[in-house]
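Single-structure report; data block below.
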Amino acid sequence: MNLPKIPLGAAVEVLVSWIEHTLGGFLNWISGGLGFMITGLRDALLILPPPVFVVLAAVAIWFVARRNTRLAVGSALGLLLVWDLQLWDLAMETLALVIASTFFALLIGIPAGILAARSETANRAIKPVLDFMQTMPAFVYLIPAVIFFGLGNVPGMIATIVFAMPPVIRLTALGILQVPGELIELAEAFGTTERQKLVKVQLPLAMPTIMAGVNQCIMMALSMVVIAAMIGARGLGYKVLEGIQRLDIGTGFEAGLAIVIIAIILDRVTQGFAVEQRERP
């Protein structure tokens, strides 16, 4: 005897349809704002000629990475290779998409992680949501993103934010919870308010762990680049998808290599921040 099927899928379709019809104007407004942000960021990255951008990026990385000459030179060579492969414009579009997605993921994720660390009720409510977000196949995020925001960079950005946010929330909460209880008691003994305790004690001590969450967020955002290209997101992911569709190994490899170069640079820079925070007295 077969049990009657619970109409879960139909209920989700009804919910999505209701959101689309009820909040359509608001969603269009969000789509326009996010699209303008991505386009503006991409244009800002493309203002400088590639050689000038490479030199300035290498100098900035040298300072940020604590005068790591090898990383600065390697980053410059990697970016020059991207330029030589004639993938510069697509790389800047991918970088703009990753930066924008990471910004919003951190904007939502860090406060959510703080809330989860400071409230057991909030932690119990947030944990199942994070489990759902991390175990749900990334392709599933593309469906509502397309329905609500159409095709292009904006739905790709929305899907990337949802996919990349969980590590930030988890590691922010973990970092705050790992602050030694003796230091919390000492701060309370000096009469600090809850806000002062958070800003002056918990967040500074949790910063290395939070930076690890930022690093993971960026890496996961980059991993969504190719998947987001399936719904019209431009950039290097679109070039990889083009290579897959045409069985063009060379095109796919070159675009994939450019993504790897950007990922390595961002990974090393954020790791440098984490090390600096950990070693700071």
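The values are calculated or read from the model by the stated rules, or taken from the named source; none is laboratory data. All values derive from a computational prediction rather than experimental measurement. Backbone-built Cβ (ideal geometry, glycine too); neighbour counts: all protein chains shown.
A few points about this structure:
- The stretch 128-157 - residue that is β-branched (Val, Ile, Thr) and touching a residue at least 24 places away in the same chain (Cβ under 8 Å) and, of those, surrounded by the fewest Cβ atoms within 10 Å (Cβ to Cβ): 147
- Among the numbered conditions (1) part of a helix (DSSP H, G or I); (2) over 25 Å from residue 151 (Cβ atoms), the only one that residue 28 does not meet is (2).
- Restricting the stretch 258-281 to residues that are surrounded by fewer than 18 Cβ atoms within 10 Å (Cβ to Cβ), charged (D, E, K, R) and in a helix (DSSP H, G or I), the residue that is modelled with the highest pLDDT: 267
- Scanning the stretch 175-193 for residues that are in contact (Cβ under 8 Å) with a residue 40 or more places away in the chain and surrounded by fewer than 19 Cβ atoms within 10 Å (Cβ to Cβ) turns up just one, 177.
- Residue in the stretch 228-244 that is part of a loop (DSSP other than H, G, I, E, B) and more than 18 Å from the chain's Cα centre (by Cα) present: yes
- Residue match in the stretch 165-180 (condition: within 30 Å of residue 234 (Cα to Cα), polar (S, T, N, Q), out of contact with any Phe, Trp or Tyr (no Cβ under 9 Å at 6 or more places or on another chain) and assigned to a helix (DSSP H, G or I)): no
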